[in-house]
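K.L.:
Sharing a structure, written as structure tokens. Questions coming.
The values are calculated or read from the model by the stated rules, or taken from the named source; none is laboratory data. Just so we're clear, the structure is a prediction, and the values are computed from it rather than from any experiment. Neighbour counts run over all protein chains shown; Cβ positions are idealised from the backbone, glycine included. Heavy atoms of the whole protein, side chains included, go into the accessibility calculation; ligands, DNA and RNA do not. Shrake-Rupley method; radii C 1.70, N 1.55, O 1.52, S 1.80 Å.
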Amino acid sequence: MTAQKIQKRLFGTNGVRGVAGKDLTPELVFSIGIALGHLRKGRIAVGRDTRTSGETLAKALKAGLLATGCDVHDCGILPTPALQYLVRDGYDGGAVITASHNPPEYNGVKIIEPDGTEMGDEETIQLEDLIFSPAPALTSWEKVGQEMQVPDSTDRYVKGILHHFPGSPGKGMTVVVDPGSGPACITTPKILEGLGCRVLTVNGVMDGTFPGRLPEPSAEGLKNLADLVVSSGASFGVAHDGDADRAVFVDETGQFVEENAEFAIVVQNICRQKKGVIVTPVSSGQVVEEAARGESCTVQYTPVGSIYVARTMRSLQKKGEPVIFGGEGNGGLIFPDHQFCRDGGMTAAMMVTILASSRKKLSDLARELPKRHIIKDKITANKGAEILALLPAYYPDSRIDMTDGVKIYTRDAWALVRASGTEPIIRIIIDAPDPTTGSALFKDLKLRLKTIVG
Ligand code: MG
């Protein structure tokens, strides 16, 4: 039932990434365009985030698609979920030039399936085979594709979100938006204004040099957002990553809301309205499961990566299971009534309605969640996969989940141990009800890993 993870040559969990002009060259992106053209044919929607290298790479991608006979609809600069929303309306596929949360020098390509989801492992491997094939055929002169611009490409997306929230639930509410100079500059303020909010912005002008903060919306980078929230008396502040498929929040006191807490607050709200299954990776905080179970809902775990969450949600839904929500503990939340991908604009809108309907402050909602203590660490180790294969035998009395890495459950805590696919590193997450239990489990785990490593 759960999507299985398959290692790929070029693509990572969310597309291809690299330093523009060095790892991610126009030549490589041109070859991705040719491969995608062969695989999908027909009409392909192309978009990009605000990075300075975006236009060059988008042109390379479009050239590859056109050279194989595809028609290209250029949607310009827009959030990844906005392109995903458009692709479902009769496109044969899509692609976004974006490096999401990576620093400004990076760029990347995310491939979108006709149903608006990110491309899964099996199709990506087919695509990679075409990219690495020696001489892909290009179409003859009379069959070369045509390019057209899609004007106002974000309007349908904004309207599509507002459609879920009739009335003006944000009336009387002030919200500060930090799109981080990314493509959400032209969407999230409009969405929140459409809900009736008074909207102020930080880093609200699109700029691929990201002068205000890095594309990763970390707590440290959101000081200006937090300051404006407090000084303006706003209900909350919301910030996006570089392609706005994620949203993170600061509460009305300027305090960063940890992403698992954010996830759990939305889980609680959705589970109070309908009962069903929440889908999330094994790495998500226990607070999410506690929030779901507290409202008589269940959790289905997947490998780490939003595509596995989205695919599992779809497959469960096809089997008739009541899938009501999904997401990751990094602010990437998936609302299946809207679309099967992470959507930062939708997440921001949802927070407005949660605060409006609960009549509580965001800091109160965060404080009322079940308390958990999380430890994250990594150790340097070669042959991580071999070490992990031996680890379960060291915990004969524990429940072990091998969905992604090794997740060891003790009475009321767990440890997740995963080997990096690209570096000689083993990553550890401990999730416990209190610091004492967490530290004891962490110490014990490190001791056993040391015994294995020898
Ligand atoms: Mg992203």
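K.L.:
Give the Cα extents of the chain along the principal axes, in whole Å, largest first.
P.N.:
Here the Cα extents, ordered largest to smallest, are 70, 59, 45 Å.
K.L.:
Given H placed on each backbone N at 1.01 Å, which residues far from CYS197 in sequence or on other chains put an amide H within less than 5 Å of it?
P.N.:
GLY170
K.L.:
Take the solvent-accessible surface of the protein heavy atoms, probe 1.4 Å, and return the percent of it on the chain that carbon and sulfur atoms account for.
P.N.:
Ligands and nucleic acids excluded, carbon and sulfur give 51 percent.
K.L.:
Taking a temperature of 20 °C and a viscosity of 1.002 mPa s, what whole-number D in µm²/s does Stokes-Einstein yield for region 259-367 with Rh from Kirkwood over alpha carbon pairs?
P.N.:
158 µm²/s
K.L.:
Positive end of the dipole of the chain, charges at C-beta (+1 Lys, Arg; -1 Asp, Glu), about the Cα centre: which of PRO336, SER283, HIS73 has its Cα farthest in that direction?
P.N.:
Value computed over the given set: SER283.
K.L.:
Solvent-accessible area per residue for region 356-443 at a 1.4 Å probe radius, Å²?
P.N.:
About 57 Å² of surface per residue is accessible.
K.L.:
Sticking with this one: Which of ALA45, ALA137, PRO322 sits farthest toward the positive end of the charge dipole of the chain, with +1 on the Cβ of Lys and Arg and -1 on the Cβ of Asp and Glu?
P.N.:
My answer, from the dipole projection, is PRO322.
K.L.:
Can you give me the convex hull volume of the Cα atoms of region 170-257, divided per residue and expressed in Å³?
P.N.:
It comes to 74 Å³ per residue, whole-number rounded.
K.L.:
By average Cβ neighbour count within 10 Å, what is the ranking of 95-101, 61-67, 350-356 from highest down?
P.N.:
95-101, 61-67, 350-356
K.L.:
Check the chain for me: any Cys whose beta-carbon has no other cysteine beta-carbon within less than 4.7 Å?
P.N.:
CYS70, CYS75, CYS185, CYS197, CYS341, each lacking another Cys Cβ under 4.7 Å.
K.L.:
Let me ask something else about it. Test of understanding: extend the Cα→C-beta vector of ILE374 to 7 Å, then name every residue of region 336-364 with backbone N under 20 Å from that spot.
P.N.:
Zone members listed by number: 342-345, 347-348, 351, 362-364.
K.L.:
When a/c reaches 1.5 or more, the comparison of a/b and b/c decides; with that in mind, is region 1-113 rounded, prolate or oblate per its Cα gyration tensor?
P.N.:
Rounded.
K.L.:
Any idea what the dipole of region 373-453 comes to, in debye rounded to 20, about its Cα centre with Lys/Arg Cβ at +1 and Asp/Glu Cβ at -1?
P.N.:
Computed about the Cα centre, the dipole is about 200 debye.
K.L.:
For region 310-384 and region 132-153, compute the distance between their C-alpha centroids and round to whole Å.
P.N.:
Region 310-384 and region 132-153 have Cα centres spaced 37 Å from each other.
K.L.:
Would you report the distance distribution of C-alpha pairs in region 372-454 as whole percents per 5 angstrom bin, up to the bin with the largest distance?
P.N.:
3, 16, 29, 27, 17, 6, 1
K.L.:
Accessible area per residue of region 170-257 at 1.4 Å probe, in Å²?
P.N.:
Dividing the accessible area of region 170-257 by its residue count gives 34 Å².
K.L.:
Calculate, for region 16-152, the solvent-accessible area per residue in square angstrom, rolling a 1.4 angstrom probe over the heavy atoms of the protein chains.
P.N.:
Computed with neighbouring chains in place, this is 39 Å² per residue.
K.L.:
Taking every DSSP beta bridge that has both residues in the chain, what percent is antiparallel when rounded to the nearest 5?
P.N.:
Of the beta bridges lying entirely in the chain, close to 55 percent run antiparallel.
K.L.:
Right, something else. Which of the peptides 148-154, 291-297 is most tightly packed, and how do the rest follow, judged by the mean count of other Cβ atoms within 10 Å per residue?
P.N.:
The peptides rank, most packed first, as 291-297, 148-154.
K.L.:
Can I ask one more? Sorting check: for 252-265, 121-134, which peptide has the highest mean count of neighbouring beta carbons within 10 Å, and how do the rest follow?
P.N.:
252-265, 121-134
K.L.:
Of SER100, VAL87, ALA58, whose Cα points farthest to the positive end of the dipole of region 52-152 (charges on the beta-carbon: +1 Lys, Arg; -1 Asp, Glu; origin at the Cα centre)?
P.N.:
The one lying farthest along the dipole's positive direction is ALA58.
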